[in-house]
Structures are given as structure tokens and as C-alpha cells.
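Working notes, structure below.
The values are calculated or read from the model by the stated rules, or taken from the named source; none is laboratory data. Please read these numbers as outputs of a predicted model, since none were measured by experiment. Cβ: placed from backbone, ideal geometry, glycine included. Neighbour counts: every protein chain shown. Side chains are part of the model used for accessible areas, which takes the heavy atoms of the whole protein and leaves out ligands, DNA and RNA. Shrake-Rupley method; radii C 1.70, N 1.55, O 1.52, S 1.80 Å.
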Amino acid sequence: MTAHDHVAITIIGAGVVGLAVAREIAGRFHDVLVVEKNESFGRETSSRHSGVIHAGIYYPAGSLKARLCTEGNPLVYEYCRTRNIPHRKTGKLIVAVDEDEGGRLRLLKIQGDENEVPGLAFVSSRELRALEPDVSAREGLFSPATGIIDAHALMRSYLLEAESRGTKIVFYSRISAIRFDGREYEMEINGAYRFRSQVVVNCAGLYSDAVAALAGIDVDGEGYRLRHCKGTYFTAFPAPRISHLVYPVPGEEDVGLGIHATLDLGGRVRFGPDAEYVSELSYDVDEGKRDAFHRAVSRYLPGVKREHLHPDTTGIRPKLQGPGEPFRDFVISVERERGLPGFVNLIGIDSPGLTSSPAIARYVASLVKESMDG
Ligand SMILES: Cc1cc2nc3c(=O)[nH]c(=O)nc-3n(C[C@H](O)[C@H](O)[C@H](O)COP(=O)(O)OP(=O)(O)OC[C@H]3O[C@@H](n4cnc5c(N)ncnc54)[C@H](O)[C@@H]3O)c2cc1C
């Protein structure tokens, strides 16, 4: 590419969100380019998660997380059904083991109902035993809309559909500089190649704050600085017999959803993720967490022994809130007021970003349309 090359829309990042946006935009606009620094798509957070299609219970009503998750949930199921993407609507149980948790479970139900999550229902300890004989708890909340998905197959499908509609994707290509000349963006790849773009969509995940800074945004001043919150998983072998996803009631101070039991499409049971703020982007598993995992899991699955837990993977959440800070929503914003018309930032897309991906894509497409129309 040379500085004279020109595209209408550049999407930075080929994770699940960048690819969903590419697919959505490709159907509406011509001349779309996806730029990805790694050798292939989905090599970062989009392949290091729980693979859960969330229902939208936990997020404050009216937030983008609540809206885009509840909108994304049926869109993901419909997309999977029509494209034969492996998925399963397993349903999920959030289980309370004591009175205190029972009280917080009631608050979660209120929150879920406010978010219009379909079908939430309390289950008694007897009903719980019939549904999940290995789980021990005094009551539960059943969410029938929660499920699991093969996220790699979802991303591959988004990519193929975007490409079939004319989108180009380049790998091994890191955006290294962005300069707005008052009309268009001059983009630089790997410190060497330059091209121009009318609109830029920043879907750079863990680096989305750094990409915003490249465009000249003061990320600290704007509250865009990302904190990295690592989540570790342990596999269970032998696996407990569960047929639903089983979650504890999150503690009031919990950053994540509490160490829960998820299933994958092969029937494997994994526990996690926990939540730990880190200063370094390393995916190493700390085996020393086995005791803490065992303590957390054996509260609701007493048959799981310490020696059944085996280190699995980790993922890193791109979070806007630091330790002890209140809820922060997804940032999805055209930076017109910051002197960057046509620059769309997506920052802090942690959970439920996978579930929300088709809804985020629709929303971003509407922002891009406004930008293209001027
Ligand atoms: C532990 C954990 C569990 C989770 N569980 C769930 C779940 O069960 N359900 C759910 O809905 N969500 C879940 N999430 C959230 C979900 O995984 C993320 O929201 C989603 O994957 C984010 O996708 P993304 O495309 O924004 O980011 P990423 O997947 O990180 O993609 C960003 C891409 O941008 C590229 N990039 C960065 N900088 C540049 C640059 N300068 N130039 C070119 N390319 C660049 C990167 O290489 C990367 O490929 C979980 C997250 C974590 C960490």
C-alpha cells in the first residue's frame, strides 16, 4: 500500500467484535478493510473466554451492556441456527447456598426482569436436586436463554460473510500511527505502509486505548485507560455430572461473576474465570490458585475434590474500571466532539462482548452510516 491508497472504512482488529462489525458493514458499504496485527483472526480475548451466550441478567438497566446483550442473545441463536454453527441452549442455574446469597439472588432476579431477560424463574432446593443432583444449594434462579457456542466457528462465519461481500482483511499488520488531516485519516501499518481512510473503527480489544491514543485522544483525561483483569480456568477431571451451566451468586465486591462451572460443546466442565487485576499481559496459569478454586467450587458442588482440578487456560478482560471502582459500561462512541469525526471507538468491550457482537455490529453500522453521510 502507498499513501495514495484509499479505503472508505478501516476496522482495526479481527476479534469477534471487529469481524461482526465487518460483516454488518460489508453488507451496507463498499471498500471495507480489516487490519489485524496477528497471523490470523481471534487470537486474543475472543478465543480466551467461557463461550457463554449470556442472557443479560447482571448489568444495570439502560446500560449498553444490558441492551446489547439482551438484543445480541437471540441474534446469536438465530445466526447459529441458520449457519449451522455449533451451539446449545443449555440454560443456566445461579445457586444460593445461604440466606445472604438468597437475598442477593432476589436482587439479581429484579435486575434481570428489568433488563427483560426472558423466562427467569426461581427453583427450590428440591427442584434443583431434580435438575442437578450433584449441586447442593438452598435455592436457585433458572435462566433458560443462556447457552454455549463455538466462538471460533462464529468468527469464521462472520469473516467469510464479510469477505464474500467484498471486505478485505490483512494479517501481520499492526496499525502503528493514525493522523487526521481535517478530512481523512492517514493510517500507517507496521511503521512502513501508509494509506488513507474516511472512517476508522477501533475494535482493538486489549489495545483499544492505545489505538485511541495513536489518534491523539488523551485516554487518561477521557477515562479510556484500560485495566487488565485476568481470569483463570481449571478443568475438572473426573467431571461432575452437570447438564446446565452452574453459577454462584456473585459477592458484592466481585469484579467477575464468581467462579462458575461451564460446559463446552464436547461436554467438558471448566471452572472459572476468577478475576485478578494484573500489570502484565501474560497468559500463564498460576497453579497456586487450585485451593482457592476448590474452596469456591465445593460450596455448591461438594463432590469436586481438590485433586480433580487441573490448570486450564486464562483470558484477560479489557476493563475500564479499576479495582474497587463502580461499574463501567462499554464505550462505543464517534469521537466527533474530540475533533475526530468518523473515528468510532469501541473500548472496554469485556463480557458480554461475545454475546453482544451482532448487536454491537448493528449499532456501530448506524454510527458509521451517520459518519459517511457527514
Ligand atoms: C475470561 C473471560 C471470559 C469471558 N467470557 C465471556 C462469555 O462467556 N460470554 C461473552 O459474551 N463474553 C465473554 N467474554 C468477553 C469476550 O470474550 C470479549 O468481549 C470479546 O472477545 C472481545 O472481542 P474483541 O473483538 O473486542 O477483542 P479481541 O478478541 O481482543 O480482538 C481485538 C483484536 O485487535 C487486534 N489489534 C489490537 N491492536 C491492534 C493494532 N494496533 N493493529 C491491528 N490489530 C490490532 C488484536 O490482535 C486482536 O485480534 C469473556 C472475556 C474474558 C477475558
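Below is a table of values for the structure above.
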quantity	calculated
Within a Gaussian network of the chain (alpha carbon springs, distance under 10 Å), most fluctuating of G303, G191, G166	G191
Length-normalised contact order of the chain in % [C-alpha pairs under 8 Å, at least 6 apart]	24 percent
In Å², nearest 10: area of S46 left accessible to a 1.4 Å probe	20 Å²
Accessible surface, 1.4 Å probe, highest first, among residues F29, F180, F330	F180, F29, F330
Cross-link pairs beyond the 22 Å C-alpha cut-off, checked among K89/K369; K65/K230; K92/K289	K89/K369; K92/K289
Whether the range 79-131 is rounded, prolate or oblate, judged on the alpha carbon gyration tensor where a/c under 1.5 counts as rounded	oblate
Rg/Rg_globular for the chain, with Rg_globular taken as 2.2 N^0.38 Å and Rg from C-alpha atoms	1.01
Cα shape, the range 1-116, gyration tensor, a/c 1.5 rule	prolate
Selection of trypsin sites (Lys or Arg not before Pro), the range 278-311, meeting DSSP coil and at most 14 other Cβ within 10 Å	K305
Within the range 76-170: Cβ-based charge dipole about Cα centre, in debye rounded to nearest 20 (Lys, Arg +1; Asp, Glu -1)	500 debye
Degrees between helix 16-26 axis and first principal axis of the chain (Cα, 0 to 90, nearest 10)	50 degrees
Exposure rank, largest accessible area first [D286, D150; 1.4 Å]	D286, D150
The range 184-282: trypsin sites (Lys or Arg not before Pro) in DSSP loop, at most 14 other beta carbons within 10 Å	R241, R268
Sparse-neighbour loop sites [trypsin sites (Lys or Arg not before Pro); the range 120-189; at most 13 other C-beta within 10 Å; DSSP]	R183
L206 accessible area, assembled protein chains, probe 1.4 Å, Å²	10 Å²
Helix 151-164 vs. the chain, principal-axis angle (Cα, 0 to 90°, nearest 10)	20 degrees
DSSP bridge pairs, the chain: antiparallel proportion in percent, nearest 5	70 percent
Cα centroid separation, the range 94-133 to the range 200-222 (Å)	39 Å
Heavy atoms of S125 accessible to a 1.4 Å probe, total area in Å² rounded to 10	40 Å²
DSSP loop GluC sites (Glu not before Pro) with at most 10 other Cβ within 10 Å: longest gap in the chain	40-251
For the chain, with +1 on Lys and Arg beta carbons and -1 on Asp and Glu, the positive-most of L226, F142, G256 along the dipole	F142
Helix 353-373 vs. the chain, principal-axis angle (Cα, 0 to 90°, nearest 10)	20 degrees
Most fluctuating residue given options H228, H49, H30, as computed from a GNM of the chain linking Cα atoms under 10 Å	H30
